[in-house]
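Single-structure report; data block below.
The values are calculated or read from the model by the stated rules, or taken from the named source; none is laboratory data. Source: prediction; values computed, not measured. Here Cβ is always computed from backbone atoms with ideal geometry, including for glycine, and neighbour counts include all displayed protein chains. Ligands, DNA and RNA are excluded from the accessible area calculation, which covers all protein heavy atoms including side chains. Shrake-Rupley method; radii C 1.70, N 1.55, O 1.52, S 1.80 Å.
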4 protein chains.
Amino acid sequence: MSTPVGIAGFRGYSGAELVNILSRHPHVEPVLLEHRESDDKARPLGHPGPRRAALTPQAVHAEGLAAVFLATPPEVSIELAMPLLETGTKLIDLSGAFRLGTVENYKRWYKEDHTQPGLLAEAVYGLPEFYRSAIPGARLISNPGCYPTAANLAIKPLIEAGVINRGAGIVCDAKSGVSGAGRKPSLKTSFCEVTENFSAYSVLDHRHVPEVLRTSGLEESEFSFTAQLIPIDRGILETIYFRAQGIASAQDLVDIYQKCYAGEPFVRLYAPKQAPDLLSVARTNFCDIGVFYDAGTGRAVVISAIDNLVKGAAGQAVQNMNLALGYPETAGLL
Amino acid sequence: MSTPVGIAGFRGYSGAELVNILSRHPHVEPVLLEHRESDDKARPLGHPGPRRAALTPQAVHAEGLAAVFLATPPEVSIELAMPLLETGTKLIDLSGAFRLGTVENYKRWYKEDHTQPGLLAEAVYGLPEFYRSAIPGARLISNPGCYPTAANLAIKPLIEAGVINRGAGIVCDAKSGVSGAGRKPSLKTSFCEVTENFSAYSVLDHRHVPEVLRTSGLEESEFSFTAQLIPIDRGILETIYFRAQGIASAQDLVDIYQKCYAGEPFVRLYAPKQAPDLLSVARTNFCDIGVFYDAGTGRAVVISAIDNLVKGAAGQAVQNMNLALGYPETAGLL
Amino acid sequence: MSTPVGIAGFRGYSGAELVNILSRHPHVEPVLLEHRESDDKARPLGHPGPRRAALTPQAVHAEGLAAVFLATPPEVSIELAMPLLETGTKLIDLSGAFRLGTVENYKRWYKEDHTQPGLLAEAVYGLPEFYRSAIPGARLISNPGCYPTAANLAIKPLIEAGVINRGAGIVCDAKSGVSGAGRKPSLKTSFCEVTENFSAYSVLDHRHVPEVLRTSGLEESEFSFTAQLIPIDRGILETIYFRAQGIASAQDLVDIYQKCYAGEPFVRLYAPKQAPDLLSVARTNFCDIGVFYDAGTGRAVVISAIDNLVKGAAGQAVQNMNLALGYPETAGLL
Amino acid sequence: MSTPVGIAGFRGYSGAELVNILSRHPHVEPVLLEHRESDDKARPLGHPGPRRAALTPQAVHAEGLAAVFLATPPEVSIELAMPLLETGTKLIDLSGAFRLGTVENYKRWYKEDHTQPGLLAEAVYGLPEFYRSAIPGARLISNPGCYPTAANLAIKPLIEAGVINRGAGIVCDAKSGVSGAGRKPSLKTSFCEVTENFSAYSVLDHRHVPEVLRTSGLEESEFSFTAQLIPIDRGILETIYFRAQGIASAQDLVDIYQKCYAGEPFVRLYAPKQAPDLLSVARTNFCDIGVFYDAGTGRAVVISAIDNLVKGAAGQAVQNMNLALGYPETAGLL
């Protein structure tokens, strides 16, 4: 029998991807949590889609939801978190509400006071490759941002191995499909503004930067980050530049990753000079990593690719749910 | 009365753009130089398009072509150059055949021996913003590569001003529309391989790198370059990262550019923290430049955008032709 | 010296295309008519763009505008028309406000009462290929809709020649780029809803249908029309199906068009079995038409292609302005 | 334990989709049948992909393949069919080699003599919704073309119900994503020729037409078909026009479909005036159908949508395999 789990914000792109993944999950059944009247797209006759319930603590309790995903804006997540937690459910929040650890950090990057500092401090950062052991015991899991997922999986092993010359700085040039900007209509994400275009935004000032710093241990002065919009639906590719030290070849970089990610189901590595593109990871929960290195000059490039809606959002959230509820980590994700 | 000028390789994307531009040029008339049987697309009845002639020295002479554009592969340009020059015409070559100055440099990056070392040494590099004075007297003008045009216009003024900490290295993360790969069918440029995708190629190993080094004065060890394919027709956007020194604000960077480019018709600058996107420059001969700078940490980002087929190829070639033949530099280009 | 002409609604896609075309026009100069605070995109330093004035009768009078383009929603055009006409300027309205001839027709298709029935009756329908002689004397020109322009240019000559079996009906399957839906953000035109998609809308119920009936003389029962959205920026292609009568070959259809459009600068015809695609007409004021005919069965297909923002909107509006103000009809359009 | 089944032509788009589907199938395991040296894309380390074998009768026998999919060109399928059938395997051919019933029909549309007339006559046309009972006993199943699948599922029930005025003709305006043209590089499917474009091809002369006639019972004179290329990866949408007779409302059309498709797992119907778009069916084996009807004039429009690589190719092929090998018809497809 399937365990019911709730999805708030199921009409957004991350929420819809959660519905997709959970509808095929062997152990759970999605319940769509409504907070407003429906304006959904026409559905075929006789295909009503998943069950629905109200987005209230009462309904969450009555439905017996073992976990609730919040695919909502950060201010909504902050408002919903405590009342829902009090029903005894586990929460997996896909917003930035609980990622930054301190109210100061939140205030700086999200320009708002955080009204749930206790939950902010309590939340476990749901990047399983590095914080797996803390996830089963958590009641509030903060699902990582899309850009930081691709960045941290590429950068953190190299920082820990000491092979990056941090003094010269690390550049992360990031590109994302448009679904990363959410489903709310805006001129910036209108078709005619995006197609046949390519644009940078939040240059040196993106709110995902502190997630990278917090996880990787880099200082802000060491890390230059630019976000850019690709005219595609989904996918993130990050091109990461640094000066390497203490290695002899590109294979040394691959070796560091292979040691770090041995047994990891969702990180895939490539032979030196081969790199993933976005089709390599589209609609999968994989993070694919490829390395380039010029031994003569020390210049190194790492390319990290994910699907922003899967490993960068809904897929990683289900991975966290699997860990939190005791299912196999890959259930519903391969 | 219009002066006839020839176009070899008019079926390619750069060649077709030359036809477009020259058909609207107030002083010249394009003549398509055929080197094979036509397999052109259907044309409307009564609209035959520009005049045609054979791609031979005899025809170039007989037609009285004042200049010939070579929108041909480098090996074809090398073969055609001397016989065509002997007719007395001026040549503007859009390939990489004559850009690198020395046979050693050419051999390293193009993997072929250069069979016209004299012409290679003689050719003037047609980046008017820096080499304008040499262009009128040249009989062979080597039109710059698309990536180097965007890169050099952004980097060279800052190098000369001494505001880049070269020891920390410069990163140029470059993205191009697919027309930059040429019109010859290949799996890499097939629609289904490109759409909804984004991919890197020639990482740390692109043949446009030596053009940047030669013009900017950077050492190879100081410059990390990645080329990437955007699923769009045309446009290049380069995101350039460095550590600044000796400046107090982003405005200082804008000031350096404004001084360098005062009076330049085809370089446009933005206020700090504002950047061009590809629609800013699509179908224009402009290179647009925007700057970002974090004074606290010294991190700087410059964004440089061009249309790869215009300022990155055909437009710049016409700009060079205008200089070479004594027309106003902007004729046909505004 | 250039004659000033005004553009209301210059931020929309049709309005922006008017700015583009008029900025290159040899005889007129565009003036942007503001009706709200600017939220325009960043512009390069020193490139302020065209002159601006208020969208008021006083300003239109003070600026001495010889014509004003209304690239505004129909209800705004209806409100602005009379006060602006009273300044003595000529009006070219790109909305549907004045296209349908009668208040009953307007009420049925636009679901509003028309508050300027006199102007509605007075307006001249600006399809020059059929109503050229009425345009110079008109003070209010109603610029045709994008779909009806492509449809009427393809259908009307054949109806008049009597070669369509009207009893079997005519099908017009129309496809448009997204710019046809305007620039106002909406979910339907958001990038992620459109890319990798294709969708029909207003099936058998599009408000452009009555424009086709009124011009071509078809009855509603004879004409089936579907509008569909292509994931591209611009362009309309209509595939028109009918049963032919009284002809022997596809060439007979071409001959009918050639006779009808002899001397027309903006209609181009193709040899039988050759058809335009959207790149044939992109960024031009041409309407391209190709024909297919199976003599054995009488089945016929005509393909008609335009750029929806040029011949389907701004370009045709300038063509009308040229006629209205006495300039060469093709000025600024070739 | 999984039953091995072979895939010839696994590098093409239909073949690759077969690999995707069969890799998740609960009862079978794909084996890639090689017929040339590999030039495959880089794969992540440790992820070799499915097992491989030679594309020979010997290997098919030795591997004990219960079925082999031929995702090969028709001439290759014709050559391979008999030798492979002699191994005792079942064949599911995705090409047009065995769809048209007679050598005359094949010769007319494929411009080649058919060298296996016995197999052509024997092959069962694998459209399960109409020919389900014949599939389990067949050794050679001819998988339908992509366009005919969408067309026949929409047209055949209405023809059989007698509600189409055949004298007025049926128009099928079909649009397809580019993957339908196959993976072999060509100028027609090059990115820059397709993006921002839309084009018709094989107007009134497409080789998929006879499949529609053969299945639906229509005469060629009654059916007008145009194929068109949408700048997207995958999906087919067909807009079908006819004059209805003997019905009172759009609901009558829905009722006919519902009766015809009761219990069908892969046909979905919409309420009147609601229609699927391509995202409704992307990456699914569904055919979605929506209807529009104007009772006053008899004009009717039906919109039929499929994913050309799934219900239009690989998915339907797996559906046929499930029937042929005795698995649940939906195995691996929901």
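Scan (1) open to solvent by 20 Å² or more (accessible area, probe 1.4 Å); (2) closer than 17 Å to B:Gly315 by Cα for the single condition B:Ser133 breaks and write down its number.
Evaluating B:Ser133 over (1) open to solvent by 20 Å² or more (accessible area, probe 1.4 Å); (2) closer than 17 Å to B:Gly315 by Cα leaves (2) as the failure.
Cβ-Cβ below 7 Å, separation at least six or inter-chain, first residue in region B:293-316 and without any contact (Cβ under 8 Å) to a residue 60 or more places away in the chain and part of a loop (DSSP other than H, G, I, E, B), second among the small types (Gly, Ala, Ser) and surrounded by fewer than 24 Cβ atoms within 10 Å (Cβ to Cβ): which pairs?
B:Ala295/B:Ala248; B:Ala295/B:Ser249; B:Thr297/A:Ser221
Looking at A:Ala81, A:Ala67, A:Ala97, A:Ala54, which one is more than 30 Å from A:His208 (Cα to Cα) and of a type outside the set (Ser, Thr, Tyr)?
On the way: A:Ala81 fails: more than 30 Å from A:His208 (Cα to Cα); A:Ala67 fails: more than 30 Å from A:His208 (Cα to Cα); A:Ala97 fails: more than 30 Å from A:His208 (Cα to Cα).
So the residue among A:Ala81, A:Ala67, A:Ala97, A:Ala54 that is more than 30 Å from A:His208 (Cα to Cα) and of a type outside the set (Ser, Thr, Tyr) is A:Ala54.
Restricting attention to region B:267-302, which residues are of a type in the set (Ser, Thr, Tyr) and more than 29 Å from A:Ala168 (Cβ to Cβ)? It would help to see each step written out before you state the result.
Taking region B:267-302 and keeping what is of a type in the set (Ser, Thr, Tyr), we get B:270, B:280, B:284, B:293, B:297.
Passing the criteria: B:Ser280, B:Thr284.
Would you confirm, using the coordinates I've provided, whether C:Ala174 is buried (at least 23 other Cβ atoms within 10 Å of the Cβ), in contact with a Cys (Cβ under 6 Å, 6 or more places away or on another chain) and either part of a strand (DSSP E or B) or not assigned by TED's automatic domain parsing to the domain that holds C:Gln316 (or both)?
The answer is no for C:Ala174.
Output the number of residues of region A:315-331 satisfying the condition of being surrounded by 21 or more Cβ atoms within 10 Å (Cβ to Cβ), out of contact with any Gly (no Cβ under 8 Å at 6 or more places or on another chain) and of a type in the set (Gly, Ala, Ser).
Residues flagged as surrounded by 21 or more Cβ atoms within 10 Å (Cβ to Cβ), out of contact with any Gly (no Cβ under 8 Å at 6 or more places or on another chain) and of a type in the set (Gly, Ala, Ser) within region A:315-331 amount to 2.
So which residues in region D:54-75 are in contact (Cβ under 8 Å) with a residue 24 or more places away in the chain and of a type in the set (A, V, I, L, M), if there are any at all?
Of everything in region D:54-75, those that are in contact (Cβ under 8 Å) with a residue 24 or more places away in the chain and of a type in the set (A, V, I, L, M) turn out to be D:Leu55, D:Ala59, D:Val60, D:Leu65, D:Ala66, D:Ala67, D:Val68, D:Leu70, D:Ala71.
Kindly provide the set of residues from region D:50-101 that are surrounded by fewer than 24 Cβ atoms within 10 Å (Cβ to Cβ) and charged (D, E, K, R), ordered by number.
Within region D:50-101, D:Arg51, D:Arg52, D:Glu63, D:Glu75, D:Glu79, D:Glu86, D:Lys90 qualify.
Looking for something open to solvent by 10 Å² or more (accessible area, probe 1.4 Å), farther than 20 Å from B:Ser199 by Cβ and of a type in the set (A, V, I, L, M, F, W, C) - is there at least one such residue anywhere in region A:266-281?
Scanning region A:266-281 turns up no residue that is open to solvent by 10 Å² or more (accessible area, probe 1.4 Å), farther than 20 Å from B:Ser199 by Cβ and of a type in the set (A, V, I, L, M, F, W, C).
Going residue by residue through region C:208-215, is there one that turns out to be over 17 Å from the mean Cα position of the chain (by Cα) and open to solvent by 40 Å² or more (accessible area, probe 1.4 Å)?
We begin by selecting, within region C:208-215, every residue over 17 Å from the mean Cα position of the chain (by Cα); these are none.
Within region C:208-215 (the criterion being over 17 Å from the mean Cα position of the chain (by Cα) and open to solvent by 40 Å² or more (accessible area, probe 1.4 Å)), the answer is no, since none of the residues qualifies.
Here is a yes/no grid of residues against (1) without any contact (Cβ under 8 Å) to a residue 12 or more places away in the chain; (2) among the hydroxyl-bearing types (Ser, Thr, Tyr); (3) away from every other protein chain (no Cβ under 14 Å):
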position: C:Gly12; (1), (2), (3): no, no, no
position: C:Glu34; (1), (2), (3): no, no, yes
position: C:Arg52; (1), (2), (3): no, no, yes
position: C:Ser95; (1), (2), (3): no, yes, yes
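Could you list all residues from region C:177-193 that are surrounded by fewer than 22 Cβ atoms within 10 Å (Cβ to Cβ) and in contact with a Ser or Thr (Cβ under 9 Å, 6 or more places away or on another chain)? Step through it out loud before you land on a result.
Residues of region C:177-193 surrounded by fewer than 22 Cβ atoms within 10 Å (Cβ to Cβ): C:181-188.
Passing the criteria: C:Ala181, C:Gly182, C:Arg183, C:Lys184, C:Pro185, C:Ser186, C:Lys188.
Looking at D:Ile141, D:Ile159, D:Ile135 in this structure, which one is closer than 30 Å to D:Ala295 by Cα, hydrophobic (A, V, I, L, M, F, W, C) and touching a helix residue (DSSP H, G or I) at 6+ places or on another chain (Cβ under 6 Å)?
Working: D:Ile141 fails: closer than 30 Å to D:Ala295 by Cα; D:Ile135 fails: closer than 30 Å to D:Ala295 by Cα.
Being closer than 30 Å to D:Ala295 by Cα, hydrophobic (A, V, I, L, M, F, W, C) and touching a helix residue (DSSP H, G or I) at 6+ places or on another chain (Cβ under 6 Å) holds for just one of D:Ile141, D:Ile159, D:Ile135, which is D:Ile159.
With the structure loaded, tell me whether D:Ile159 is surrounded by fewer than 19 Cβ atoms within 10 Å (Cβ to Cβ) and in a helix (DSSP H, G or I) or whether it fails that test. Working first, answer last.
Details: surrounded by fewer than 19 Cβ atoms within 10 Å (Cβ to Cβ): yes; in a helix (DSSP H, G or I): yes.
So D:Ile159 fits the description; yes.
Scan region D:194-207 residue by residue and report those that are touching a helix residue (DSSP H, G or I) at 6+ places or on another chain (Cβ under 6 Å) and surrounded by fewer than 23 Cβ atoms within 10 Å (Cβ to Cβ).
Correct list: D:Asn197, D:Arg207.
Please enumerate the residues belonging to region D:4-33 that are open to solvent by 40 Å² or more (accessible area, probe 1.4 Å) and assigned to a strand (DSSP E or B).
Matches in region D:4-33: D:Glu29 only.
On the basis of being open to solvent by 30 Å² or more (accessible area, probe 1.4 Å) and more than 21 Å from C:Leu22 (Cα to Cα), does C:Gly296 make the cut?
Considered against the rule, which asks whether it is open to solvent by 30 Å² or more (accessible area, probe 1.4 Å) and more than 21 Å from C:Leu22 (Cα to Cα), C:Gly296 comes out as yes.
Under the condition of being in a loop (DSSP other than H, G, I, E, B) and more than 9 Å from chain A (Cβ to nearest Cβ), which residue from region D:278-292 is nearest to the chain's Cα centre (by Cα)? Working first, answer last.
Narrowing region D:278-292 to residues in a loop (DSSP other than H, G, I, E, B): D:282-286.
Among the residues that remain, those that are also more than 9 Å from chain A (Cβ to nearest Cβ) are: D:282, D:284-285.
Numbers: D:Ala282: 14, D:Thr284: 13, D:Asn285: 10 Å.
Only one residue fits best here, namely D:Asn285.
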